[in-house]
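Here's the structure, in C-alpha cells; my notes come after.
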Amino acid sequence: MHRWRFGNHDLDLTHRGLIMGIVNVTPDSFSDGGRFNDPGRAVEHAFMLLAQGADILDIGGESTRPGAEPVSETEELHRVLPVIRAVRSQTQALISIDTMKAAVARAALDAGADIINDVTGLRGDAAMPRVAADSKAGLVVMHMTGTPQTMQNQPQYEDVVAEVGSYFDNRLRVLEGEGIDPERIVLDPGFGFGKTLEHNLALMRALPQLSTRRPLLVGVSRKSMIARVMHSDAMEDRFWPTIALSAYAREHGARIIRVHDVKPNCDALRMMEAILETGQ
C-alpha cells in the first residue's frame, strides 16, 4: 500500500515520505515565474533543491496556474529538455516531468526523467496512456475539473471528497486496463485545480480516507487557498502556512509533498515522522 514501484525503483514510503521540489522553467508560473526560465538558472536551482533535501525534482515547462495560456509542444520541449539532460548528467536523483503532452513526456523520459506528473490524470492527451504503458515510469495521476483556463470558473461538486475518490478508483481501473501496473501510480487530489477554498479544506480533512488506495501526493505550496485563509495576497505570507499544511498532510496520510521551499518542508516532515514513528 505504501510502496511505489517503477523502473528500477522500489520506494517504501511507510515511514519516510518524499519531498518533490518544484523547478518551473516558465515565464508565467504563479509564484516564481521567470526566475528560472533560463536553463542554466533552472539547473542551478534544481541542485540547490537537492542539497536542501529534495527526493524528486519536478521539472515543468508550462504553467498550470488558473487562466494560464497553453504552450506549444515545441516551446515546452525547448524549455525542459536541456534542464533534464543537464540534471541527469550530474545526478541519479529522481526526475519528474510535469506535462500534459504525450510527446513531451516521451522525450523527457528519453532524456532521463523517471516520472510523469500529469495534471489531467493522463486524460488530456489521448496518446499519454500509451506512452505511460510503454515506459517503466512512475506516474502521478491528479484530479482536475476542466482545464487550467477554465478550472476556477465556479467549480461545483455534490460531494467533493466522494467525487475525487470515485475519480481515483476510475482512473486506477482504466489505466490498469491500459496495461499500467497500479503500483507505478501515486494519486494527487489536485488542490486548487477546479476547487474552491471550501473544497480544498474538505479534501485536506479527508486525506486519511483518500490515501487508502495508493500513496498520496499533496501539492499546496504557496497556493491561493492559503492567501484566502490568511487574507493576504503577499507571496511571503504563504511560506509558513505551507509548512503547516505539509506537516498536517504527512500526519494524515500523504506520502509525497510537492513544494517550492524544500528545506523547511523537509524538516517538517522529518519532525512529524519522528512523532509518528511508533504508530506506523
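The residue that is surrounded by the most Cβ atoms within 10 Å (Cβ to Cβ), counting only those in the stretch 75-131 that are hydroxyl-bearing (Ser, Thr, Tyr) and within 19 Å of Glu44 (Cβ to Cβ), is Ser96.
Tell me whether the stretch 51-63 contains one or more residues that are β-branched (Val, Ile, Thr) and not in a strand (DSSP E or B). Within the stretch 51-63, not a single residue is β-branched (Val, Ile, Thr) and not in a strand (DSSP E or B).
When Pro70 is tested against (1) at pLDDT below 95; (2) assigned to a strand (DSSP E or B), just one condition goes unmet, and that condition is (2). Counting only residues that are assigned to a loop (DSSP other than H, G, I, E, B) and touching a strand residue (DSSP E or B) at 6+ places or on another chain (Cβ under 7 Å), the stretch 87-98 holds 1 of them. Among the numbered conditions (1) modelled with pLDDT of 95 or more; (2) surrounded by 17 or more Cβ atoms within 10 Å (Cβ to Cβ); (3) aliphatic (A, V, I, L, M), the only one that Ile226 does not meet is (1). When you check Arg238 against the structure, is it surrounded by fewer than 18 Cβ atoms within 10 Å (Cβ to Cβ), outside any loop (DSSP other than H, G, I, E, B) and at pLDDT 90 or above, yes or no? Spelling it out, it is not the case that Arg238 is surrounded by fewer than 18 Cβ atoms within 10 Å (Cβ to Cβ), outside any loop (DSSP other than H, G, I, E, B) and at pLDDT 90 or above. Summed over the stretch 66-79, residues that are in contact with a helix residue (DSSP H, G or I) (Cβ under 9 Å, 6 or more places away or on another chain) and within 15 Å of Val119 (Cα to Cα) total 2. The condition of being of a type outside the set (A, V, I, L, M, F, W, C) and surrounded by 18 or more Cβ atoms within 10 Å (Cβ to Cβ) holds for only one of Gly53, Gly17, that being Gly17. On the basis of being surrounded by 15 or more Cβ atoms within 10 Å (Cβ to Cβ) and either in a loop (DSSP other than H, G, I, E, B) or at pLDDT below 95 (or both), does Ala46 make the cut? No.
Close contacts from the stretch 151-173, counting a first residue that is closer than 19 Å to Gly124 by Cα and a second that is part of a helix (DSSP H, G or I) and modelled with pLDDT of 95 or more, with Cβ to Cβ under 7 Å and a gap of 6+ residues or different chains, come to Pro155/His199; Val164/Leu203; Val164/Leu210; Leu172/Pro182.
This table checks each residue for (1) within 29 Å of Pro182 (Cβ to Cβ); (2) touching a residue at least 24 places away in the same chain (Cβ under 8 Å).
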residue: Gln209; (1), (2): yes, yes
residue: Ile226; (1), (2): no, no
residue: His231; (1), (2): no, no
residue: Thr242; (1), (2): no, no
residue: Arg250; (1), (2): yes, yes
residue: Gly253; (1), (2): yes, yes
residue: Ile256; (1), (2): yes, yes
residue: His260; (1), (2): no, yes
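If you go through the stretch 186-198 and keep only what is surrounded by 24 or more Cβ atoms within 10 Å (Cβ to Cβ) and over 18 Å from Val259 (Cα atoms), you end up with just Lys195.
Scanning the stretch 245-280 for residues that are assigned to a helix (DSSP H, G or I) and in contact with a Ser or Thr (Cβ under 6 Å, 6 or more places away or on another chain), we see that the one that is farthest from Gly219 (Cα to Cα) is Ala268.
The values are calculated or read from the model by the stated rules, or taken from the named source; none is laboratory data. Computed from a prediction, not measured in an experiment: that's the story for all the values here. For neighbour counting, all protein chains shown are included, and Cβ atoms are generated from backbone atoms with ideal geometry for every residue, glycine included.
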